[in-house]
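One structure is given here, and the rest of the page talks about it.
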C-alpha cells in the first residue's frame with residue numbers, strides 16, 4: 001500500500017481499501033475560511049443540528065478578504081467569529097493573531113503525520129508535506145463534517161514523482177513543482193495522489209516541501225504527500241502541541257510499501273532544472289526563467305500559502321539587500337503568518353524590504369486571488385510567488401500573472417522585468 | 001430528472017475564477033452570484049442564458065478553487081446542467097453534494113453551441129435534438145448515485161444519522 005492508502009484505511013472501519021473504493025472516513029481536522037465557511041455555517045444551521053462533532057477538530061481562519069476589505073467581507077468574517085464563539089471553537093484565529101491558513105495550521109502544530117485533514121479551500125493539500133492526507137473540499141462537505149466528523153472520499157490511485165541530482169543555485173521546491181506541472185499538465189494528476197520522493201525531496205527544507213504539496217491541486221490532484229523523515233520530525237518537535245515518547249518512531253514508520261502500486265512513476269534529474277516561471281494563464285505554462293527575460297512587469301508579489309514562509313522571505317532578501325525596487329514596479333511582500341511577520345522584523349528582513357521600497361503587509365491571501373492589497377489594473381502584469389495565474393486572477397480580466405519563486409520575484413522587482421536572481425549584482 | 005435546453009459551449013480547463021470571479025466572493029446571494037456567472041470568459045452570459053440551458057465544456061471543467069459560489073452562480077443563472085469531458089475533482093464533488101446535475105461525455109466535439117439537448121439524468125441519456133444524435137454518458141458510481149438520489153450530501157447525512 002502507498003502512504004496515502006495507509007492513512008485513509010486507518011480512518012475507516014474497513015479491513016482493506018483499494019484505489020477507486022468509496023470510503024466514509026473520520027476527519028482529524030476540518031478547516032474553513034472567510035470565503036467558504038460562511039456557506040458551511042449557514043448549511044450547518046439549516047439542518048437544526050445543535051452541536052459540532054468536536055470543537056477541537058475545527059479550524060476557522062479569516063484570511064482571504066481580511067483585514068476586512070469592505071462591508072460585505074466584514075459581514076462574512078463576523079459569521080465565522082460568531083460561530084466560533086457559539087461552539088467554543090478553539091482554533092479560531094483573529095486578524096493580528098492569524099495567518100494564511102495553510103501556513104498557519106502547520107506552524108500552530110495542528111498538522112501531524114498520518115492525520116486526515118479536509119479544508120474548504122483547494123490548497124488544503126499543503127499538509128501532505130508533513131505526511132498527512134489532506135485535501136480540499138467544498139463548503140457542503142465542511143458543513144456535513146461539522147455534523148458527522150466524517151467525509152466521503154474516493155481512494156485515489158497514487159502517482160510517484162522521484163527527484164534526483166543536484167539542485168542548481170536559486171532552484172527551490174517551487175521550481176520543482178512548476179516544472180512537474182509543466183510536464184504533466186493542469187489535469188495530469190486529476191483525482192490522484194501525488195507522492196513526491198527521491199534524495200532531492202528528502203534534502204529539501206520543510207518550507208519547500210509545503211510549496212510543492214501546496215500546488216498538487218494545480219495538476220488536478222486530490223492530494224500531495226511526502227513521507228515524513230528526520231527533517232519533518234525536527235520541524236514537528238518545534239511546533240507540536242503533544243509529543244508522545246513513541247512519536248518519532250511512529251512518524252518515521254509511516255511510509256509506502258516497497259510493492260505499493262502506482263498509476264505512474266516519473267523521474268526527474270533536477271540538475272538540469274533552472275528557476276522556473278509559469279506564463280499566463282495556466283500554471284502548466286512553465287519554462288526556464290531565461291526564456292522570459294524580456295517580459296516587463298508592473299508588480300511583484302511575494303507571499304501566499306505557497307511562498308510566504310520565513311525561508312521564502314530570506315531568499316528574497318538575499319537578492320534585495322542594498323537594492324532598490326525598479327521605479328516602474330510595485331513590490332508587495334506579505335508574510336504568511338503573524339509569527340513569520342514578527343520573525344522578519346527580528347531578523348532584519350522587514351528592514352531590507354522597506355528600504356528597497358516595498359510594501360510590507362500584514363498576513364492576508366489578498367492579491368493572490370484578486371481580493372485586495374495589490375489588484376492589477378487593465379493591461380498590467382505581475383510576477384508572483386502565488387499558485388494560480390488564471391486569466392484575471394489578480395485583478396482586471398486583461399491583466400497577467402507569471403508564477404515564480406521568491407528569488408526570481410525579488411530579482412524581477414529590481415530589474416523591472418522578469419529576471420534571474422544572478423542578474424542582480 | 002429531465003432537462004431540455006440550448007447549449008453554451010466552452011473549452012478545456014474552465015476555472016472557477018472564470019465561472020465566478022473572486023471579486024464577487026464577498027457574498028453568498030444566489031441572485032448576485034448568478035448575475036456574474038461566467039462573466040470573465042463570456043461577458044453578458046447571464047443576460048443571454050435562458051432557464052434550462054446547458055453548459056457543454058471540454059476537459060477539467062471547474063479547476064481551481066473549492067468555492068461553492070461556482071455551483072450557486074451556475075444554478076442561479078438558470079443553467080440546468082453541466083456536461084463536460086471531465087470535471088476537476090472539487091468541482092465534481094461540490095456539484096454532487098449540492099445537487100447541480102453534471103454529466104461526463106467522453107467527446108463533446110459533435111455538440112455545437114446553440115444545439116438543443118434533452119437530458120434524462122436518471123437514465124443517463126443525452127439526446128441532441130438539433131442533430132438527432134445520442135451520446136454515451138459515463139454512469140456515476142453507486143455511492144454517488146445514492147447521494148444524488150437523496151438530494152445532496154446534507155440530506156444523505158441526515159438519512160445516515162437517522163438510521164444509526
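The values are calculated or read from the model by the stated rules, or taken from the named source; none is laboratory data. The structure displayed is predicted, hence computed values, not measured ones. Ideal geometry is used to build each Cβ from the backbone, glycine not excepted, and the neighbour counts take in all protein chains shown.
Considering segment B:6-50, the residues that are buried (at least 22 other Cβ atoms within 10 Å of the Cβ) and at positive phi include one that is farthest from the other protein chains (Cβ to nearest Cβ), namely B:38. Of the candidates A:374, A:379, the single residue that is more than 19 Å from residue A:283 (Cβ to Cβ), touching a strand residue (DSSP E or B) at 6+ places or on another chain (Cβ under 6 Å) and not in a helix (DSSP H, G or I) is A:374.
Of the residues making up segment A:354-371, those that are crowded, with 24+ Cβ neighbours inside 10 Å, in a helix (DSSP H, G or I) and either at pLDDT below 95 or in contact with a helix residue (DSSP H, G or I) (Cβ under 7 Å, 6 or more places away or on another chain) (or both) number 2.
Mind listing just one residue for me: the one in segment A:105-121 that is under 22 Å from residue A:149 (Cβ atoms) and part of a helix (DSSP H, G or I) and, of those, nearest to the other protein chains (Cβ to nearest Cβ)?
Looking at residues that are under 22 Å from residue A:149 (Cβ atoms) and part of a helix (DSSP H, G or I), I get A:105.
Scanning segment A:259-289 for residues that are more than 14 Å from chain B (Cβ to nearest Cβ) and outside any strand (DSSP E or B) yields a count of 11. Name the pairs: first residue in segment A:35-47 and more than 7 Å from chain B (Cβ to nearest Cβ), second residue in a helix (DSSP H, G or I), Cβ to Cβ under 6 Å, at least 6 apart or on different chains? Close Cβ pairs satisfying both conditions: A:37/A:80; A:40/A:139; A:40/A:142; A:40/A:143; A:41/A:79; A:41/A:83; A:44/A:143; A:44/A:146. Residues in segment A:290-317 that are in a helix (DSSP H, G or I) and out of contact with any helix residue (DSSP H, G or I) (no Cβ under 7 Å at 6 or more places or on another chain): A:290, A:291, A:292. Inside segment A:382-393, residues that are under 29 Å from residue A:339 (Cβ atoms) and in a loop (DSSP other than H, G, I, E, B) make up a count of 6. Being at pLDDT 95 or above, within 16 Å of residue A:158 (Cβ to Cβ) and assigned to a strand (DSSP E or B) is the requirement here; does residue A:224 meet it? The answer is yes for residue A:224. Looking across segment A:134-174 at every residue that is more than 14 Å from chain B (Cβ to nearest Cβ) and more than 22 Å from residue A:185 (Cα to Cα), the one that is surrounded by the fewest Cβ atoms within 10 Å (Cβ to Cβ) is identified as A:169.
Restricting segment B:51-72 to residues that are surrounded by 21 or more Cβ atoms within 10 Å (Cβ to Cβ) and at positive phi leaves a set whose member that is farthest from the other protein chains (Cβ to nearest Cβ) is B:62. Looking at residue B:102, is it in contact with a helix residue (DSSP H, G or I) (Cβ under 6 Å, 6 or more places away or on another chain), surrounded by 15 or more Cβ atoms within 10 Å (Cβ to Cβ) and within 25 Å of residue B:59 (Cβ to Cβ)? For residue B:102, the condition - in contact with a helix residue (DSSP H, G or I) (Cβ under 6 Å, 6 or more places away or on another chain), surrounded by 15 or more Cβ atoms within 10 Å (Cβ to Cβ) and within 25 Å of residue B:59 (Cβ to Cβ) - is met. In segment B:121-136, which residues are modelled with pLDDT of 90 or more and within 16 Å of the chain's Cα centre (by Cα)? Answer for segment B:121-136, where residues must be modelled with pLDDT of 90 or more and within 16 Å of the chain's Cα centre (by Cα): B:125, B:126. State yes or no: is residue B:42 touching a residue at least 12 places away in the same chain (Cβ under 8 Å), outside any helix (DSSP H, G or I), out of contact with any strand residue (DSSP E or B) (no Cβ under 7 Å at 6 or more places or on another chain) and under 27 Å from residue B:122 (Cα atoms)? No: the conditions fail for residue B:42.
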